[in-house]
1. Expressed as a fraction of 2.2 N^0.38 Å, the rule-of-thumb size for a compact globular protein of N residues, what is the C-alpha radius of gyration of segment 377-648?
2. Could you tell me the number of lysine pairs in segment 377-648 with C-alpha atoms less than 21 Å from each other, where the two lysines are 8 or more residues apart or belong to different chains?
3. Could you give the size of the charge dipole of segment 377-648 about its Cα centre, using +1 on the Cβ of each K and R and -1 on the Cβ of each D and E, expressed in debye and rounded to the nearest 20?
4. Cut-off 20 Å, label point 7 angstrom out along Cα-to-Cβ of residue 162: give me the residues of segment 340-370 whose amide nitrogen falls inside.
5. For the charge dipole of segment 223-269, defined by +1 on Lys and Arg C-beta atoms and -1 on Asp and Glu C-beta atoms about the Cα centroid, which residue among 228, 253, 243 has the Cα displaced farthest towards the positive pole?
6. Could you pull out every one of the lysines with an alpha carbon less than 20 Å from that of residue 152, ignoring same-chain neighbours closer than 8 positions?
7. Tally Lys and Arg at +1 and Asp and Glu at -1 over the other residues with C-beta under 13 Å from the C-beta of residue 129: what net charge comes out?
8. Just name one of 347, 327, 373: the one whose Cα is farthest towards the positive end of the charge dipole of segment 313-414 (beta-carbon charges, Lys/Arg +1, Asp/Glu -1).
Amino acid sequence: MGAGQRPLYRGFGGDIDAQTDGLVGGPPVSQACRGRPGLRAWRFIQWASAASGAVQTGRAMAAEWGGRERALALTAAGIVILGVMLGRAAQLQVFHGGHYRSLSMQNRVKVIAIPSPRGRVLDRQGTVIAESRPGFALVLTGTSNWRPAVNKAARLLAVDSLGLQSAVRQQRSAYPKDPVKLARDLSPAQVALLEEHLAELPGMRLEYEALRHANYGPRGSHLLGYVSEIGRRELESRREQGYRFGDGIGKAGLERQYETLFRGADGCEYVEVDAHGRVQGGIPQMPELPPLPGVDIVLTVDWRLQLFVESLFEPGLTGAAVALEPGTGRILALVSRPNFDPNLFAGGVAAADWDKLSRDPSFPLWDRAIRSLYPPGSTYKVVTALAALSESLITPEIRMRQSCHGGMRIGNRYFKCWKKGGHGSLDMRQAIVQSCDVYFYQLGMMLGVDRLNRWSAAIGLAKATGIDLPQEADGLIPTTSWYEKRLGKGSVTAGIPANLAIGQGEVLATPLQMASLFAALGKRGLAARPHLLLRAVGPDGRLISGEQLDTVRIPIRPEHLAAVAEALDAVVNQPGGTGRAARVQGVTVAGKTGTSQNPHGDDHSWFVGFAPYEDPVIAVAVLVENAGHGSAVAAPMVGKTIGAYLEMTREGPPSLAAAGAP
């Protein structure tokens, strides 16, 4: 079969195009289905015979009356009748025969869609994370006098009949001939009950449907996203792509990102129905067209690590964690808490469930890993240090003019250091190790707002990373013009860059952005676009799409990158370092703590790190909301994550070639 051709079925003594037109619930019957020439000729002969009989009858009547004039008149009348009948026969059978046969087919033949299963989601080792499961729905196909049947169905299902009627009216107002799914994801008991009473429900049928199932419930929910019933606006834009009312569509996460791959092609079967719309059986001459499953997506994620990181967020903890592979950008784990169960949406989310989710003040549907913007706190000090080194404002050995005595006055305001007793006189390395705010206040004033912005952008902040997930936030590194637009001319005082330099104020980043930044530092300047797609595999095992690796060198001199990386090593491993809680036995972890000021409550806890220091295979960012100092909460979580991954891959990383094989 050539490209663009549609398959033909054999039936009715001729070719029947698979794209049948004019059938209720499906496309119109094609030209090939509109009758054979021999059948048309046979019906024409029948009409002609009837007309000829009329002429003979006229002659017999004339003979009986015995009058020549009357015989001629009656014969002429018979000829006229014959002509009229022959003309009408030609009009009905030859010129309009297809139209009337199509109307007849509409009354007795319906096309029932056979839903295709969505493609599966697998991790890099072949663990199936999400797949399709069978379900049943009660579907209304009748287009007239449907209310008694709907009321009967409502009583059987113990639901509000007015609600079902409203759903039918709303759909039929836009798409009057489309089937209406009255109830979805029916239980076995409901299916048995409806099957028993189906004869009392004219114009209804029980229909198989493929429902999405997240095999691990809420774990990995923001990574996966969810599938739910297509909305009216979405349907209007996707109608030509084959979507119908009641179809599932990816609404968030990977399900939304790769909707066109996950969605397969529905099959169809042709059934004969009676005058009440009840299915009488299949039509042997019109065999069913089997559905084509969707494409499997194999992820870069290690599901073992995903589950481990999920377990670190004890009940009540809110925040996010991202683990990725430096040098490639492969996401190893992505967690956002609180989470939700995607399975609630598969058969249409219940009103009570949606109300609970949408009213929850902790926003469980919000992906904090890629959409929430937080002040990065002291984790941003590495950017300030690299900017000052690149501008030749300092060297790693230079000390600031003003030593730290617990704070410093800038203008008419006193800016505190986190350590009340102060740190004394420090060089850059020790300022990073001990996270001295006073040192970085002075660097911020030396750099100014715009140079901080420029170097932040060069390093990869202030814009989305480009991960293959929808709705990623850009982040914010403000400029002078940004402040003046909002606060007026001359609004940028010396205190603003001082505050930005320690990752407070208006500087904002996502946990994913910070993980990506530290992965680049670990690889001494090699930045890689974070991504989740390892490959896409068709139902026949054919490779549809491979991994796309995008790397770039950040424009920082190698010796400056090395100096900052060495300081990050000391943060964790040197006595007095703020990140010692992230240590892992037998491996050198490097990283940075952060405490992010929160105007709405307690401070947020940050830690971002990578390991092994010499040639990292994992970088991790953890943000825990309202948890206080990064050294107390986030740092231990990063250390445990790194330790667990290195233990999982002790004998080498898992093969990336096997997952998704048919």
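Bear in mind these aren't lab numbers, they're just calculated from the coordinates by the rules spelled out. In this text, all values refer to a predicted model and were calculated from it rather than measured experimentally. Backbone-built Cβ (ideal geometry, glycine too); neighbour counts: all protein chains shown.
1. 1.02
2. So the count works out to 13.
3. Values: 26 positive and 22 negative charges, 153 e Å.
Computed charge dipole of segment 377-648: roughly 740 debye.
4. 351-352, by backbone N distance to the label point.
5. Towards the positive end, the residue furthest out is 253.
6. Excluding near neighbours in sequence, the set is 181.
7. Numbers: positive: 118, 120, 124, 212, 219, 304; negative: 123, 131, 255, 296, 302, 310.
So the surrounding residues net to 0.
8. Value: 373.
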